[in-house]
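Student: Below you'll find the structure I mean.
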Amino acid sequence: MAETQVTKPKSFQEIILRLQTYWASKGCAVLQPYDMEVGAGTFHPATTLRALGSKPWAAAYVQPSRRPTDGRYGENPNRLQHYYQYQVLIKPSPPDLQELYLGSLEAIGIDMALHDIRFVEDDWESPTLGAWGLGWEVWCDGMEVSQFTYFQQVGGHDCHPVSGELTYGLERLAMYVLGIDHVMEMPFNDPGAPIALSYGDVFRQTEEEYSRHNFDAADTERLLRHFEDAEAECQSILEHPATDPKTGKRIVMAHPAYDQCIKASHIFNLLDARGVISVTERQAYIGRVRALAKLCADAFVQTEAGGQQPEVAS
Amino acid sequence: MADLLIELFSEEIPARMQAKAAEDLKRLVTDGLVEAGLTYGGAAAFSTPRRLTLTLADLPAMSPDTREERKGPRVDAPEKALEGFLRATGLTKDQLELRDEKKGQVYFAVIEKPGRPAAEIVAEVLEAAIRGFPWPKSMRWGKGSLRWVRPLHSILCILTGDDGAEVVPLELDGIKAGDITRGHRFMAPGEIRVSSFEDYESKLRKAHVMLDATARADMIRHDAEQAAFAAGFELVEDKGLLAEVAGLVEWPVVLMGDIGAEFIDLPPEVLQTSMKEHQKFFSVKNPKTGRIEKFVTVANRETADHGATILAGNQKVLAARLSDAKFFWENDLRKVAETGMASMSDSLSNVTFHRELGSQAERIDRIAALARRIAPVVGASPDEAVLAAKVMKADLASEMVYEFPELQGIMGRYYAKNAGLSDAVADACRDHYSPLGPSDAVPSAPVSVAVALADKLDTLAGFWVIDEKPTGSKDPYALRRAALGVIRLILANEIRMRLDPYIDIQLLRFKDARRDDVPSEGVEMLIDEIADHGVFGAAIETVLKAFGEKDGQAALETLKTEVPDLSEDLLAFFHDRLKVHLKGEGIRHDVIDACLHMPGNDDLTLLVKRANALAAFLATEDGANLTQGFKRANNILTQAEEKDGVEYSFGADPKFAEDDTEIALFKALDAADTRIKPAMESEDFGAAMGAMADLRAPIDAFFEAVQINTENQIVRRNRLNLLAQIRDICMNVADFTRIEGT
């Protein structure tokens, strides 16, 4: 481990910037967030789909994530319905992934000589994505700061080679590093800046608005229809023949179909927050989203990015 | 002679898997070596979060030469036979020997295997062990196909003899065995070369790795006790947690901290659960206040600030967790203060218990109705039992139990007390899930017993109705545990109740809920009839008659076979569980069988009383001999009955007795009968069997002196009828035909 003394970051955004710089220096493509509502960074196609197939991949990105049921009107010190995850996916998983990961903690100002970092068993599973992997939650002084997973299966497909996935819960990690007790009090930019903004300045109002919307206002009838529409759209996109009649090229529309899967998943989360899904129905909805994820995975592995050799035009 | 050292160095192994993995490594390697003819002196296996280690002492340099001769087919045997022999031995025809035997020339294979170097064998055995390792869950990583619990980084494998250490040549999916290990991940991450187990262990210690999990656990316990003691506190012992924590660290450092004053008044179970489940903290109790006021966390390293940063971090995480818990606790208490337990139990109507078995609220109503009927039998107030049943699952809707499901019941007790309910009801909230495991304590308070029984019987009846019974190793609804719970509740409290009627009643409630065609009115009548008279068959006839030609009679009539079929099957399930339970208590299965086949076998207390008496009786010499006497009588009788086509059950007459022993037996049977009857009526099986024991001598003497199948048909019939009397007396006490030969 490098002995260089790393300065403490001053703000939420500085931690993000340091992670971006760190992973860029380790050879990752620094991508941008996916432009859809997702429950976690894993849903970004740069993780879900790119973990499939044989092509090497290395990407890092921030992903705004939404968990409607976690809304607390901005009052809870730790819970938010909208939060950020930092996501790294490297395929094949390099042998020194643990060391690389620990390096990223140093980069954001965690002094390895003073803290107690532990890898505690945590098998990851996403029933909606039909995905699972083995790994740990990483503890820093008893606090979970990341998830570390070796993907074994995604969308029902075995991962060959295996991707290593790192997920940092950015608010929680930043609060720990910055020594903040309430998320809304965390400096978003440099507290010495002419216009210093806290996390609350940026998000308190939206947390309130979305909490009210998610729990009480979202129209469940319409949402149920949207769910069905997204499901039908996903399926019908994939029913198109692989060869595009207009261009004559082979174009499997895995990504557009997967967008609909993401949409269905988010709508399901909203319905769940509205409390209209019973325990039993819950399983059925999860199964329907999983079926879509599986269809998309099946489609993706038929594409070039999914490891398929480009077809020689016949 | 050489010593073997193996270390498999990987990324962090789940704590719960480490101990077994070390033992598996030992077993797989030693079995493999022995199989290959390599002996060893002693073996020891170790585990840490990052390594499995095995050391074996005194391996010979080579495995011994072996010579095996195998006889093959005769020379003139068909070609096929020879081909088979060659395949089996792996030889060619010209390698076989021909030997003259009596019946002609025979092929012989002489397979000589020279001894092999230990290193070669170790390499093979270790590779096989790694590839076939029985991890509960394993994974692949990178581009490879090797499976291990987490990525495997290096293999250390050396044989240490008098002239130094030799690396065993082995390469596995790109990992080459060597003599290198590494120290503590953070405190000594560099490579370490080792030459023997002693060298390895001592160098690791210097590199901040304690190899032995037991030593780590001992150290943690010792240091934690000392830290608590020094502050005038006591460590709350937790062996499971100790073992787990010892598997999370290579270099344990105990740190003790305070629980914030604002949290000390939370229920101790909440503090302990939060600390143990989420943070792996030990609880530390203040003996003066009896409260948990401190915690012990175990770090995996030493630091320049003596753990101050680590402790502060842990304290902060705990405070965040506990402020969550406190928030839930206060919210729940506020609701209870406003509207009592109804604030929670009302929302259970929206919670599904099981897709086919309705909501939690419906389930609670069924349990309450059953608890009302069971209450008088166990000495509980029916009203209190109903009240307990109505509120005991309310905490499932509390915020605290939503966050900490393991606190179900425990929180219910607190909330019930806060709602001003009696201690009996509050305790029933906590205890109605019990007993859970086979070693879990059994409730004895009457209200708790009534609702605990009703809860479990309802669950069993429900899953029987929808045909979701346990199969093989699959028991997703823990029905075996529920049945064992019923058994233990009844036996531990010596409850005298027949299970049958209660099973029937609960089956009927499910049938009523699930079938629109069955009139509820009729079902209620039926339930009342069963409760009053106890017999389903008679009850349904009464109800069918009373119901007359009204609509739904036909539907009611279908219950006539449906319910008894299910009921019998469920009772048989109880009996199976009882057998397993009693076997665990050392009662032979045939003894249990002999009692199961007696009337009233749904009264488990009676059944076990009988079984215990019978087991004690059979253990005596008289008991064993009487059983033989019974069998002899029974055999003779059965044969005669088969031959004659009649059943000898007619009273024998002493006036046809010819022999003194015969007369004596008549007298003894009469005497026994007059003692056994009242004993049986008062269920004093011991006395009944004692009376039977007195029959042993007269029966033995009778068989000694008398020929049953005599020429005189009158005397023969009389003697057979006399034997029948023996059979009747014995069978009245237990089914002796089920007792296995002595």
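Per-residue answers, yes or no, for (1) more than 14 Å from chain A (Cβ to nearest Cβ); (2) free of Cβ contacts under 8 Å to residues at least 24 places away in the same chain; (3) more than 28 Å from A:E137 (Cα to Cα); (4) under 43 Å from the mean Cα position of the chain (by Cα):
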{"position": "B:E68", "(1), (2), (3), (4)": "yes, no, yes, no"}
{"position": "B:T92", "(1), (2), (3), (4)": "yes, yes, yes, no"}
{"position": "B:K102", "(1), (2), (3), (4)": "yes, yes, yes, no"}
{"position": "B:I130", "(1), (2), (3), (4)": "yes, no, no, yes"}
{"position": "B:P136", "(1), (2), (3), (4)": "no, no, no, yes"}
{"position": "B:M139", "(1), (2), (3), (4)": "no, yes, no, yes"}
{"position": "B:K143", "(1), (2), (3), (4)": "no, yes, no, yes"}
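Student: Still on this structure: Here is a list: B:A611, B:A616, B:A594. Which entry is over 25 Å from B:K469 (Cα atoms), at pLDDT 90 or above and exposed (fewer than 15 other Cβ atoms within 10 Å of the Cβ)?
Tutor: On the way: B:A611 fails: exposed (fewer than 15 other Cβ atoms within 10 Å of the Cβ); B:A594 fails: exposed (fewer than 15 other Cβ atoms within 10 Å of the Cβ).
Being over 25 Å from B:K469 (Cα atoms), at pLDDT 90 or above and exposed (fewer than 15 other Cβ atoms within 10 Å of the Cβ) holds for just one of B:A611, B:A616, B:A594, which is B:A616.
Student: For the range A:149-164, which residues satisfy the criterion of being within 17 Å of the chain's Cα centre (by Cα) and more than 9 Å from chain B (Cβ to nearest Cβ)?
Tutor: A:T149, A:F151, A:Q153, A:V154, A:G155, A:S163
Student: For the range A:122-138, indicate whether the set of residues that are part of a strand (DSSP E or B), more than 9 Å from chain B (Cβ to nearest Cβ), farther than 25 Å from A:I286 by Cβ and modelled with pLDDT of 95 or more is non-empty.
Tutor: Kept after step one, since they are part of a strand (DSSP E or B), are these residues of the range A:122-138: A:124-126, A:131-138.
Subsequent filtering for residues that are more than 9 Å from chain B (Cβ to nearest Cβ) retains A:124-126, A:131-132, A:137-138.
Pick out the ones that are also farther than 25 Å from A:I286 by Cβ and you get A:138.
Those left that are additionally modelled with pLDDT of 95 or more: A:138.
Yes: the range A:122-138 contains one or more residues that are part of a strand (DSSP E or B), more than 9 Å from chain B (Cβ to nearest Cβ), farther than 25 Å from A:I286 by Cβ and modelled with pLDDT of 95 or more.
Each row is one residue, and each column tells you yes or no for (1) small (G, A, S); (2) outside any helix (DSSP H, G or I); (3) touching a residue at least 40 places away in the same chain (Cβ under 8 Å).
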| site | (1), (2), (3) |
| --- | --- |
| B:D440 | no, yes, no |
| B:S444 | yes, yes, yes |
| B:L453 | no, no, yes |
| B:A482 | yes, no, no |
| B:I487 | no, no, yes |
| B:L508 | no, no, yes |
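Student: Do we have B:G178 as in contact with a strand residue (DSSP E or B) (Cβ under 8 Å, 6 or more places away or on another chain) and modelled with pLDDT under 95 here? Show your work before the answer.
Tutor: Values: in contact with a strand residue (DSSP E or B) (Cβ under 8 Å, 6 or more places away or on another chain): yes; modelled with pLDDT under 95: no.
When the stated conditions are applied, B:G178 does not pass them.
For (1) without any contact (Cβ under 8 Å) to a residue 40 or more places away in the chain; (2) hydroxyl-bearing (S, T, Y), each residue gets a yes or a no:
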position	(1), (2)
B:G645	yes, no
B:F650	no, no
B:D659	no, no
B:L665	no, no
B:L695	no, no
B:D700	no, no
B:T710	yes, yes
B:N718	no, no
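Yes/no per residue for (1) surrounded by 19 or more Cβ atoms within 10 Å (Cβ to Cβ); (2) farther than 19 Å from B:E641 by Cβ:
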{"residue": "B:G686", "(1), (2)": "no, yes"}
{"residue": "B:M689", "(1), (2)": "yes, yes"}
{"residue": "B:N709", "(1), (2)": "no, no"}
{"residue": "B:L723", "(1), (2)": "yes, no"}
{"residue": "B:M731", "(1), (2)": "no, no"}
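Student: Let me ask something else about it. Scan the range B:276-294 for residues that are more than 10 Å from chain A (Cβ to nearest Cβ) and either part of a strand (DSSP E or B) or within 16 Å of A:V120 (Cα to Cα) (or both) and jot them down. First the steps, then the outcome.
Tutor: Initial filter on the range B:276-294 (more than 10 Å from chain A (Cβ to nearest Cβ)): B:276-277, B:282-294.
Within the range B:276-294, B:K276, B:E277, B:F282, B:S283, B:V284, B:K285, B:N286, B:R291, B:I292, B:E293, B:K294 qualify.
Student: Here is a check on your reading of the model: is A:I180 within 14 Å of another protein chain (Cβ to nearest Cβ) and not in a helix (DSSP H, G or I)?
Tutor: Numbers: within 14 Å of another protein chain (Cβ to nearest Cβ): yes; not in a helix (DSSP H, G or I): yes.
For A:I180, the condition - within 14 Å of another protein chain (Cβ to nearest Cβ) and not in a helix (DSSP H, G or I) - is met.
Student: Within the range A:108-119, identify whether any single residue is modelled with pLDDT under 95, within 13 Å of another protein chain (Cβ to nearest Cβ), under 30 Å from A:Q302 (Cα atoms) and part of a loop (DSSP other than H, G, I, E, B), and answer yes or no.
Tutor: No; the residues of the range A:108-119 include none that is modelled with pLDDT under 95, within 13 Å of another protein chain (Cβ to nearest Cβ), under 30 Å from A:Q302 (Cα atoms) and part of a loop (DSSP other than H, G, I, E, B).
Student: Let me ask something else about it. With the condition kept exactly as written, say whether any residue in the range B:557-580 is within 37 Å of the chain's Cα centre (by Cα) and more than 18 Å from B:I503 (Cα to Cα). Spell out how you get there, then give the answer.
Tutor: Let us first name the residues in the range B:557-580 that are within 37 Å of the chain's Cα centre (by Cα), namely B:559-580.
Within this subset, residues satisfying the condition of being more than 18 Å from B:I503 (Cα to Cα) are B:579-580.
Yes: one or more hits.
Student: Now a separate question. Quick check, is B:E250 closer than 17 Å to B:L322 by Cα, of a type outside the set (S, T, Y) and either within 14 Å of chain A (Cβ to nearest Cβ) or part of a loop (DSSP other than H, G, I, E, B) (or both)? Write out each step before concluding.
Tutor: Working: closer than 17 Å to B:L322 by Cα: no; of a type outside the set (S, T, Y): yes; either within 14 Å of chain A (Cβ to nearest Cβ) or part of a loop (DSSP other than H, G, I, E, B) (or both): yes.
No; evaluated as a whole, the condition is false for this residue.
Student: What helices (runs of 4 or more DSSP H) completely inside the range B:340-397 contain at least 2 residues that are over 24 Å from B:K417 (Cα atoms)? Before you say what the answer is, go through the steps one by one.
Tutor: On the way: elements: B:342-345, B:360-378, B:382-391.
Filter on the range B:340-397 gives B:360-378.
Student: Select from the range A:139-148 the residues that are closer than 23 Å to B:A312 by Cα and within 11 Å of chain B (Cβ to nearest Cβ) and write down the one among them that is surrounded by the most Cβ atoms within 10 Å (Cβ to Cβ). Show your work before the answer.
Tutor: Within the range A:139-148, the first condition is being closer than 23 Å to B:A312 by Cα, and the residues that meet it are A:139-147.
Remaining after also requiring within 11 Å of chain B (Cβ to nearest Cβ): A:139-145.
Working: A:W139: 23, A:C140: 22, A:D141: 25, A:G142: 23, A:M143: 20, A:E144: 19, A:V145: 20.
In this case the residue turns out to be A:D141.
Student: Among what's in the range B:303-331 and is buried (at least 16 other Cβ atoms within 10 Å of the Cβ) and part of a loop (DSSP other than H, G, I, E, B), pick the residue that is nearest to the other protein chains (Cβ to nearest Cβ).
Tutor: Checked the range B:303-331; the qualifying residue nearest to the other protein chains (Cβ to nearest Cβ) is B:T303.
The values are calculated or read from the model by the stated rules, or taken from the named source; none is laboratory data. Owing to the predicted nature of the structure, the values given are computational and were not obtained by experimental measurement. Here Cβ is always computed from backbone atoms with ideal geometry, including for glycine, and neighbour counts include all displayed protein chains.
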